[in-house]
Amino acid sequence: MVPFPLLQLIYVIAESDGKQVDLYLQQIFKTPNPIIGVVHLQPLPTSVRWGGSLKAVIERAEREAAALASGGVDGIIVENFFDAPFTKERVDPAVVTAMTISIERLMNLVALPIGINVLRNDGLSAMAIASCVGAKFIRVNVLTGVMATDQGIIEGIAHQLLRYRRELGSDVKIFADVLVKHARPLGAETLHAAVKDTIERGLADAVILSGWATGCPPVPEDLELAKDAAKDTPVFIGSGANWENISALMSAADGAIVASSLKRHGSIEQPIDPIRVSQFVEAARRSITTKSKSQSGINSVSQTKISAHQEGGG
């Protein structure tokens, strides 16, 4: 027979598992398992494909944000995705200005928490924009470690970014990629170690796990490993989620950031399709409900065993 104190410990762990994560995400997104849709801004000033009209960029961004909101996402993140090829460090001031104007317009349009990702790794500009416009979080591709990317060698910016956030007096959250897509780590760092370093040494508020490239999902086993290493820190799916695989992926994650599968024909170049957004959100909600029922069942069994042990005088 399992000793009663051990049964109590099992129940306490099961009962409290995820509570801290739930509260943290609930505060920002009003749900413990947020679905975050991505607005990919069209090319901005100084990028090689800049079309010359910021008005056109903003109008498309507004249509996409409206489509995401009507489809039921819990938050939006805005990226300068079409500015590729990216600089690996600080972007031009014109990009910062254009993103600030665009994001402020979106915040006046939709009543959803908004985040910012300034590609490829300009976390300081993202933090500055977010702090000025009232965005809730930023995404940083390389917060800790060293990654070989198509922009060259990118080093972590945790020291500079965390100091800058303090100087700004900001409470903007930092969502950090771990072993980010389109990159390879220098050295043989394991996923478990990378997650722990990102959280414990980089002080990330959440971690993001992606596949090897845009549109490619992470391996479910890797998500489970990341979740185990992250403990109470939220783990997000960072790429490749669609209505067919979201159930398997969400079983080991707290939320998802999704872009490609929400676009017309699933093509990254196309605008967001509100029907595809609704289908994805519905599938995600079903998977979250199933996950919650499963966890409730585990808690119920644990409590039943404790009650039976007490009644039996164990």
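The values are calculated or read from the model by the stated rules, or taken from the named source; none is laboratory data. What you are looking at is a predicted structure, and each value in this text was computed from that prediction instead of being measured. Note: ideal-geometry Cβ built from the backbone for every residue, glycine included; neighbour counts use all protein chains shown. Ligands, DNA and RNA are excluded from the accessible area calculation, which covers all protein heavy atoms including side chains. Shrake-Rupley method; radii C 1.70, N 1.55, O 1.52, S 1.80 Å.
For the stretch 123-134, the criterion of being open to solvent by 30 Å² or more (accessible area, probe 1.4 Å) and more than 21 Å from Gln27 (Cα to Cα) is met by at least one residue.
Residues that are assigned to a loop (DSSP other than H, G, I, E, B) and either open to solvent by 70 Å² or more (accessible area, probe 1.4 Å) or of a type outside the set (Asp, Glu) (or both) do occur in the stretch 270-289.
In the stretch 84-100, what residues are open to solvent by 10 Å² or more (accessible area, probe 1.4 Å) and in contact with a Leu (Cβ under 6 Å, 6 or more places away or on another chain)? Correct list: Phe86 only. For the stretch 61-72, filtered to residues that are of a type outside the set (Gly, Ala, Ser) and open to solvent by less than 10 Å² (accessible area, probe 1.4 Å), the residue that is nearest to Thr31 (Cα to Cα) is Leu68.
Show the residue pairs that are 6+ apart or on different chains and have beta-carbon atoms under 8 Å apart, the first residue being within the stretch 121-134 and within 21 Å of Arg105 (Cβ to Cβ), the second being modelled with pLDDT under 95 and open to solvent by 30 Å² or more (accessible area, probe 1.4 Å). Within 8 Å, the pairs are Asp122/Glu89.
Any chance the stretch 136-144 includes a residue that's crowded, with 23+ Cβ neighbours inside 10 Å, at pLDDT 95 or above and basic (Lys, Arg)? Yes, because at least one residue in the stretch 136-144 is crowded, with 23+ Cβ neighbours inside 10 Å, at pLDDT 95 or above and basic (Lys, Arg). Counting the residues of the stretch 251-264 that are in a helix (DSSP H, G or I) and open to solvent by 50 Å² or more (accessible area, probe 1.4 Å) gives 1. Is it the case that the stretch 101-110 has a residue that's surrounded by 24 or more Cβ atoms within 10 Å (Cβ to Cβ) and touching a Ser or Thr at 6+ places or on another chain (Cβ under 8 Å)? Among the residues of the stretch 101-110, not one is surrounded by 24 or more Cβ atoms within 10 Å (Cβ to Cβ) and touching a Ser or Thr at 6+ places or on another chain (Cβ under 8 Å), which makes the answer no. Candidates in the stretch 1-59 are the residues that are assigned to a helix (DSSP H, G or I), open to solvent by 20 Å² or more (accessible area, probe 1.4 Å) and aromatic (Phe, Trp, Tyr); of these, the one that is modelled with the highest pLDDT is Tyr24.
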